[in-house]
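The values are calculated or read from the model by the stated rules, or taken from the named source; none is laboratory data. Predicted, not measured: the structure shown is a model, and the values here were computed from it. Note: ideal-geometry Cβ built from the backbone for every residue, glycine included; neighbour counts use all protein chains shown. We work out accessible area using only protein heavy atoms, side chains counted, and drop any ligands, DNA or RNA first. Shrake-Rupley method; radii C 1.70, N 1.55, O 1.52, S 1.80 Å.
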Amino acid sequence: MEKEEIELDLLLTAVYRLTGYDFRQYMRSSLMRRVQNRLSREKLLTITGLTERIIYDEDVLHKLLRDFSINVTEMFRDPSFFKAFREEVVPVLRKLPEIRVWHAGCSTGEEAYSMAILLEEEGLANKTKIYATDMNDIVLEKAAGGVIPLPKMQAYTKNYLAAGGKRSFSEYYTADSNGAVLHPTLLKNIVFAQHNLVTDRSFNEFHVIICRNVLIYFNFELQQQVYNLFNESLSAGGFLGLGSKETIRSDSAYFENFNIQEKLFRKKSSVPY
């Protein structure tokens with residue numbers, strides 16, 4: 001196991017040197033599962049063999065990068081989170097002249113679409129800009145297309161209704177041979193862009209940051225680095241939404257509990273909105 005750890009260190013260093021993507025502070029157990037899967041697919045016996053392969057074969061390098069990118073998402077995932085956001089956060093956002101929302105680690109965009117629907121129903125779409133970012137340019141291209149496989153829409157409809165949806169979910173898309181095509185009005189206020197939480201800095205000031213089920217793949221030190229980034233990126237009194245298995249320590253210097261059950265936090269500030 002110690003030799004495998006050394007091999008993994010060398011592999012991650014090679015990935016960083018070759019691409020600039022830094023996975024060295026990701027959870028090792030998660031990375032190791034993805035590496036073992038790539039070894040099987042490439043019919044290699046050792047991680048050292050994979051390191052050599054990615055150095056000389058750019059196609060395998062890109063495949064490994066895709067393996068490391070976490071792309072598990074769905075619309076209105078954990079409906080109670082979106083219901084709490086609608087009932088408790090939206091009343092605060094109504095007071096703002098404009099609203100900027102950052103979905104960090106957006107994958108193929110389903111949660112950003114969900115937020116666009118929610119804010120449309122609450123009458124806030126016209127003064128909102130949603131920035132949806134991910135390190136993976138391939139999933140971003142898919143997200144910008146706004147097309148969802150039809151078989152997923154039944155589950156997404158249930159999520160939408162449980163999240164307090166106010167209309168028929170089918171009003172937000174049309175079905176064709178490609179899948180469920182979201183209405184362009186939902187996408188007009190969403191900007192999809194590449195951003196790496198590990199290496200990139202803040203790029204705007206936001207009133208809401210949503211980063212759900214991403215930090216569970218980071219080690220403690222990297223989590224703290226990302227919390228610093230979110231603190232720098234949030235306006236005074238801004239909101240941070242995390243995934244169901246993620247949390248912030250109660251002694252955090254930056255954030256306080258807003259709805260601890262739904263993992264909604266607020267940036268500490270003596271100046272309210």
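List of remarks:
- Between the listed residues G49, Q36, V15, the Cα displaced farthest toward the positive end of the dipole of segment 1-63, a dipole computed from Cβ unit charges relative to the Cα centre, is found at Q36.
- For the chain: accessible area per residue (Å², 1.4 Å): 48
- Figure note: D67, D57, D251 ranked by solvent-accessible area, largest first, 1.4 Å probe, ligands and nucleic acids not counted: D251, D57, D67.
- In terms of the mean number of neighbouring beta-carbon atoms within 10 Å, the peptides 224-237, 127-140, 110-123 order highest first as 110-123, 127-140, 224-237.
- MRE, 222 nm, helices only [DSSP H, n ≥ 4, -39500 (n - 2.57), over the chain, to nearest 500]: -12500 deg cm²/dmol
- D9 sits among other residues whose Cβ lies under 12 Å from its own Cβ, and their net charge, with Lys and Arg +1 and Asp and Glu -1, is -1.
- For the chain: rounded, prolate or oblate by the Cα gyration tensor [a/c cutoff 1.5]: oblate
- Whole-Hz couplings from phi, Karplus 6.51/-1.76/1.60, listed for segment 236-248; x for Gly and Pro: 4, x, x, 9, 10, x, 10, x, 5, 9, 10, 7, 10
- Cα gyration tensor shape for segment 187-246, rounded if a/c is under 1.5, else prolate or oblate: rounded
- By the rule of a C-alpha distance below 26 Å, with chain neighbours fewer than 8 residues away ignored, the lysines paired with K188 are K83, K95, K127, K129, K142, K152, K158, K166.
- Here the accessible area is traced with a 1.4 Å probe on the protein chains. For the chain, carbon and sulfur cover 50 percent of it.
- Net charge of Cβ neighbours under 14 Å - reference A180; Lys, Arg +1; Asp, Glu -1: -2
- Folded to 0 to 90 degrees: helix 58-68 orientation relative to the chain principal axis, Cα: 50
- For segment 74-133, a/c is not less than 1.5, where a ≥ b ≥ c are the root eigenvalues of the C-alpha gyration tensor, and a/b does not top b/c. That puts it in the oblate class.
- Within the shell defined by Cβ-Cβ distances under 13 Å, the residues around L264 carry a net charge of 0, with Lys and Arg each +1 and Asp and Glu each -1.
- Divided by 2.2 N^0.38 Å, where N counts the residues, the Cα radius of gyration of segment 108-183 comes to 1.11.
- Seen against the Cα atoms of the chain and their longest principal axis, helix 28-42 is set at about 60 degrees.
- Treating each Cα of segment 133-273 as an identical point scatterer and summing with the Debye formula, the log10 of I(q)/I(0) at q = 0.12, 0.13, 0.17 Å⁻¹ comes to -0.63, -0.73, -1.13.
- Counting only protein heavy atoms and using a 1.4 Å probe, the accessible area of F220 comes to about 110 Å².
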